[in-house]
1. Can you tell me which residue among GLN51, GLN59 is touching a residue at least 24 places away in the same chain (Cβ under 8 Å), loosely packed, with under 12 Cβ neighbours inside 10 Å and not aliphatic (A, V, I, L, M)?
2. Do you know which residues across the range 94-134 are touching a residue at least 60 places away in the same chain (Cβ under 8 Å) and not in a helix (DSSP H, G or I)?
3. Take ASN68 and decide whether it is under 30 Å from LYS123 (Cβ atoms), in contact with a Gly (Cβ under 8 Å, 6 or more places away or on another chain) and surrounded by 12 or more Cβ atoms within 10 Å (Cβ to Cβ).
4. Cβ-Cβ under 6 Å, sequence separation 6+ or interchain: first residue in the range 68-88 and without any contact (Cβ under 8 Å) to a residue 40 or more places away in the chain, partner surrounded by 11 or more Cβ atoms within 10 Å (Cβ to Cβ). Which pairs?
5. So, in the range 71-80, of the ones that are of a type in the set (D, E, K, R) and part of a helix (DSSP H, G or I), which residue ends up surrounded by the most Cβ atoms within 10 Å (Cβ to Cβ)?
6. Being surrounded by 12 or more Cβ atoms within 10 Å (Cβ to Cβ) and either in contact with a Lys or Arg (Cβ under 7 Å, 6 or more places away or on another chain) or among the charged types (D, E, K, R) (or both) narrows it down to one of LYS99, LYS116, LYS83, so name that one.
Amino acid sequence: MKKSILVLAVFSFAASGLFISCNNSARKVEKAETNVVEAKEDLAQAKDEYQADVENFRQQTADKVAANNQSIADFNARIDMEKKEAKAEYKIKIAELEKKNSDMQKKLDDYKVESKDQWETFKAEFNNDMEKLGVALKNMTVKND
């Protein structure tokens, strides 16, 4: 009788241990599934934010290009009153700046969004180039004033 109680106790202990370990595995699987769902949601949100950043940057750049075009048009109108020699020199410089401005717009239009790191690098380089173009336009118009 003692042996049967002892065997029953050992069997009960083993069964409860097995049940608890299975339950822990089920919890681990459930937790992993929850983590996967949360990670997918985070990825989707990050992707949406990234796309919004790209679109916002494209809009800001389009505004800068339009402002540059307006500066060029204004400057062209002012140089029509200049002497013929000065006018020719200004026209050449303005043509170069117009080309750079349109090249910048084309560079942005042709850019294919690949990764966030590449986007950040592109954006930094593009902003630098755009700033240089803006300074060149400003210097051009200041010399004439």
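1. On the way: GLN59 fails: touching a residue at least 24 places away in the same chain (Cβ under 8 Å).
Result of the check over GLN51, GLN59: GLN51.
2. Here is the first cut: in the range 94-134, the residues touching a residue at least 60 places away in the same chain (Cβ under 8 Å) are 113, 116, 119, 123, 126, 130, 133-134.
Answer for the range 94-134, where residues must be touching a residue at least 60 places away in the same chain (Cβ under 8 Å) and not in a helix (DSSP H, G or I): just VAL113.
3. Working: under 30 Å from LYS123 (Cβ atoms): yes; in contact with a Gly (Cβ under 8 Å, 6 or more places away or on another chain): yes; surrounded by 12 or more Cβ atoms within 10 Å (Cβ to Cβ): yes.
Against the criterion (under 30 Å from LYS123 (Cβ atoms), in contact with a Gly (Cβ under 8 Å, 6 or more places away or on another chain) and surrounded by 12 or more Cβ atoms within 10 Å (Cβ to Cβ)), ASN68 qualifies.
4. Partner pairs satisfying both residue conditions: LYS87/ILE79.
5. The extreme case among them is ARG78.
6. On the way: LYS99 fails: surrounded by 12 or more Cβ atoms within 10 Å (Cβ to Cβ); LYS83 fails: surrounded by 12 or more Cβ atoms within 10 Å (Cβ to Cβ).
Just one listed residue meets the conditions, LYS116.
Throughout, read-outs are computed from the coordinates displayed, never taken from laboratory work. Not measured: the values here are computed from a predicted model. Note that we place each Cβ from the backbone using ideal geometry, even for glycine, and neighbour counts take in every protein chain shown.
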